[in-house]
2 protein chains.
Amino acid sequence: MEKLIEYILQFGNLNKQQIELISKNATETQLHKDEYFAEAGKTFNRVAFVLEGVLRICYYNNKGEEITKYFIEENNFVANPYQNETFTEYIQAATDCKLIVFYPQQWSQLSNTILEWDTIINKIFHHALMKKMDRRSSLVSEDATTRYLKFIEKFPSLTNRVPLSYIASYLGITQSSLSRIRKNIV
Amino acid sequence: MEKLIEYILQFGNLNKQQIELISKNATETQLHKDEYFAEAGKTFNRVAFVLEGVLRICYYNNKGEEITKYFIEENNFVANPYQNETFTEYIQAATDCKLIVFYPQQWSQLSNTILEWDTIINKIFHHALMKKMDRRSSLVSEDATTRYLKFIEKFPSLTNRVPLSYIASYLGITQSSLSRIRKNIV
DNA sequence: AAAGTCTTTTGCCATTTGGCAAAAAAAGAT
DNA sequence: ATCTTTTTTTGCCAAATGGCAAAAGACTTT
């Protein structure tokens, strides 16, 4: 829990009571590798913070191929920005994970009680989104080997722990190509 | 100006006085094609709304190539999310543009006077960022022709009005490739 | 240990894209 | 109108990536 608080405090100040309130309203959970945290078509209105492990967001394109849109590593929030709309993606544990989960009522209690809450959360989410955007953006203009090298750098813990297909679809190449690239690098 | 108000009202309510205050604090400006609205290394602390035309955000990669990160079309805001850090990108008019500009003092006046302002603006920015992210994301997993077709669909007004190089670097391919793709499509 | 399943690697070849330079076309300047 | 400059197209060939299927390897289950 300290990890979460520490993380939040980077973006705004909280007093002891507020920190306690956050702790009270949070639930720690575990996810096993491959388990889904959210599924397309179902409602998804929880907010979670990744304490350990990596999640991945994925969807199916019009050819039925599974595309990994991005990975969410430790010390990041996951939430559905469009809570009123049906969720169209999958959130899956790429490795075993420890999460801190906030359920809707608890989350709105925080929002209603802590004056600064919405501002802080907005900052956090915005910041994270910018990072994702930049990372994703830089993939477009590079060749596959460079993309993979950057991936290894950014997610060393995933490189040999998730199926090749996850990484390949994230990088926008086929499994076989990634396999060949991998071979050439070593 | 009505366009801006109408746009904002999609994300929250404003009364007459508030709308008037926004109008009072806004400045209409024009940009000629190719003109820079912001440059890397300089401060950029204005907030602008695109009334007409298209802007593009670009930067130089480590090979000195100019990369178009994304295009900003009508009815969108442009702002620097990290006002305290040096701006590292360029914002350039891809076509002649009409903008509504808010200067720092005016912007903070809105923020200080209109209770809901920050919330509304956050919603707007977040929403726009998600859209950019999704659009950019989908580029990664498609071949160049598909990317170009999607580009045409999304930015029909740009297709024959900006240099090929802007589009090519946005799509992550070379100019010659784009030229060949274009030829095959027609 | 053996059989079955799933993942990764490999071979073969087609297709796509890149790199470079020259030609052609378009836009701008005098 | 002519000359200049910039942008786009094209040709040629190399390199990268994809598609498909078989082989090899890893992991499970019995």
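The values are calculated or read from the model by the stated rules, or taken from the named source; none is laboratory data. Remember, predicted model here, so these are calculated numbers, not experimental data. Methodologically, a virtual Cβ is constructed for each residue, glycine included, from the backbone with ideal geometry; neighbour enumeration extends over all protein chains shown.
Could you check, for region A:89-112, whether at least one of its residues is within 16 Å of DNA strand C (Cβ to nearest atom) and more than 25 Å from B:R136 (Cα to Cα)?
For region A:89-112, residues within 16 Å of DNA strand C (Cβ to nearest atom) and more than 25 Å from B:R136 (Cα to Cα): present.
Looking for whichever is closer than 26 Å to B:I8 by Cβ, in a strand (DSSP E or B) and within 14 Å of chain A (Cβ to nearest Cβ) here; the options are B:F71, B:F87, B:F49, B:F37. Which one fits?
Within the list B:F71, B:F87, B:F49, B:F37, the selection yields B:F71.
Which count do you get for residues in region B:162-184 that are more than 8 Å from DNA strand C (Cβ to nearest atom), surrounded by 14 or more Cβ atoms within 10 Å (Cβ to Cβ) and in a loop (DSSP other than H, G, I, E, B)?
Summing the residues that are more than 8 Å from DNA strand C (Cβ to nearest atom), surrounded by 14 or more Cβ atoms within 10 Å (Cβ to Cβ) and in a loop (DSSP other than H, G, I, E, B) in region B:162-184 gives 1.
Can you tell me how many residues within region A:1-27 are out of contact with any strand residue (DSSP E or B) (no Cβ under 6 Å at 6 or more places or on another chain) and not in a helix (DSSP H, G or I)?
7
Determine which single condition A:I100 fails, assuming it passes every other condition in (1) in contact (Cβ under 8 Å) with a residue 24 or more places away in the chain; (2) within 13 Å of chain B (Cβ to nearest Cβ); (3) in contact with a Phe, Trp or Tyr (Cβ under 6 Å, 6 or more places away or on another chain).
(2)
Could you give me the residue pairs with C-beta distances under 8 Å whose first residue belongs to region B:151-178 and is assigned by TED's automatic domain parsing to the domain that holds B:Y59 and at pLDDT 95 or above, whose second residue is more than 9 Å from DNA strand D (Cβ to nearest atom) and part of a helix (DSSP H, G or I) wherever it lies, and which are 6+ apart or on separate chains?
Final answer for the pair search is none.
Among the listed residues A:L129, A:L139, A:L115, which satisfies the condition of being assigned to a loop (DSSP other than H, G, I, E, B), within 28 Å of B:A128 (Cβ to Cβ) and within 14 Å of chain B (Cβ to nearest Cβ)?
Going through A:L129, A:L139, A:L115 in turn, the sole match is A:L115.
Just one of A:S138, A:S157 is polar (S, T, N, Q), farther than 29 Å from B:L178 by Cα and more than 8 Å from DNA strand C (Cβ to nearest atom); which is it?
None of the other options fit; the residue is A:S157.
If B:F125 satisfies all but one of (1) surrounded by fewer than 17 Cβ atoms within 10 Å (Cβ to Cβ); (2) touching a residue at least 24 places away in the same chain (Cβ under 8 Å), what's the number of the condition it fails?
(1)
Within region B:26-34, identify whether any single residue is surrounded by fewer than 17 Cβ atoms within 10 Å (Cβ to Cβ), aliphatic (A, V, I, L, M) and outside the structural domain of B:P156 (by TED's automatic domain parsing), and answer yes or no.
no
What about A:K24, is it free of Cβ contacts under 8 Å to residues at least 12 places away in the same chain, within 13 Å of another protein chain (Cβ to nearest Cβ) and out of contact with any Pro (no Cβ under 7 Å at 6 or more places or on another chain)?
Taking the combined requirement at face value, the residue does not satisfy it.
Among (1) assigned to a helix (DSSP H, G or I); (2) over 18 Å from B:R136 (Cα atoms); (3) within 14 Å of chain B (Cβ to nearest Cβ), which single condition is A:K150 missing?
(2)
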